[in-house]
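The next block holds one structure in the form of structure tokens; read it before the comments.
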Amino acid sequence: MAKKIIITGTSRGIGLALAKQLAEAGHQVLALSRNETPIQALKHQGIQSLPFDITSRTSLGQLSIFLKEQWGRVDVLIHNAGKLVNKPFEVITSSDFLSVYEVNVFGVAHLTQVVLPFMPTESHVVAISSMGGVQGSLKFSGLAAYSSSKGALITLMELLAEEYKDKKIAFNTLALGAVQTEMLQEAFPDYQANTSPEQNG
């Protein structure tokens, strides 16, 4: 059965690959990203796109209107949009921390609040996290803001799973290792991951 699926961060990397794969599997995909050009270039009839900034109340309001007027139901919400700041701890600022948390934690929470009223029983919320946010996992210097935000995201999903279990709405987190995306390349130009976005789709 075809599902209605929202994916954030679809301009590149994992989000773009997911949107393509899910649409090709017969699902309806709503792709949310500040840059619509890459997703529109796919020209797939199963994909609709909206310009979207996860930190913007205006974007959230426009999405709510779209869901009320056009979709009416959301079966799956995939939180893929993310922000990474790679700075030594000695120089990282409160603004750096805030900019990362606004996307990776607060934005996820606000978007989930907007979409939940449209999610029926047996629907599913999935957040793309990172192994860097898992307690006891291998950590990398320079990622204090990013990895701690991903740890907060994991905990948020666990809390929501408990809060919405009676409504039978599932919440899960995928804690991925290194994936060769544009974001990784920008943060670590000399590092080459063994996994591509398509392999994680």
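Structure above, values below:
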item: Residue list for region 29-54, restricted to those being surrounded by fewer than 17 Cβ atoms within 10 Å (Cβ to Cβ) and of a type in the set (S, T, Y); result: T37
item: D75 vs. criteria of a type in the set (D, E) and out of contact with any Ser or Thr (no Cβ under 7 Å at 6 or more places or on another chain); result: no
item: Residue, modelled with the highest pLDDT, within region 106-146, restricted to residues that are surrounded by fewer than 21 Cβ atoms within 10 Å (Cβ to Cβ), farther than 21 Å from D53 by Cα and within 16 Å of the chain's Cα centre (by Cα); result: H124
item: Checking I92 against (1) over 22 Å from L160 (Cα atoms); (2) of a type in the set (V, I, T); (3) in a strand (DSSP E or B), the condition it does not meet; result: (3)
item: Enumeration of residues in region 42-66 that are basic (K, R) and farther than 22 Å from N104 by Cβ; result: K43
item: Residue among M183, M157 that is within 16 Å of H79 (Cβ to Cβ), modelled with pLDDT under 50 and not acidic (D, E); result: M183
item: Residue in region 12-22 that is of a type outside the set (D, E), more than 22 Å from N172 (Cβ to Cβ) and at pLDDT below 95 present; result: yes
item: Output for region 116-137, where each listed residue is touching a helix residue (DSSP H, G or I) at 6+ places or on another chain (Cβ under 7 Å) and under 12 Å from R73 (Cα atoms); result: F118, T121
item: Boolean, A145 is more than 28 Å from V74 (Cα to Cα) and of a type in the set (A, V, I, L, M); result: yes
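Let's see how each residue does on (1) farther than 20 Å from S123 by Cα; (2) free of Cβ contacts under 8 Å to residues at least 60 places away in the same chain:
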position: T10; (1), (2): yes, no
position: L16; (1), (2): yes, no
position: P51; (1), (2): yes, yes
position: K68; (1), (2): no, yes
position: E90; (1), (2): yes, yes
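The values are calculated or read from the model by the stated rules, or taken from the named source; none is laboratory data. Values in this document were obtained by computation on a predicted structure and should not be read as measured data. So basically every Cβ, Gly included, is an ideal-geometry build from the backbone, and we count neighbours across all protein chains shown.
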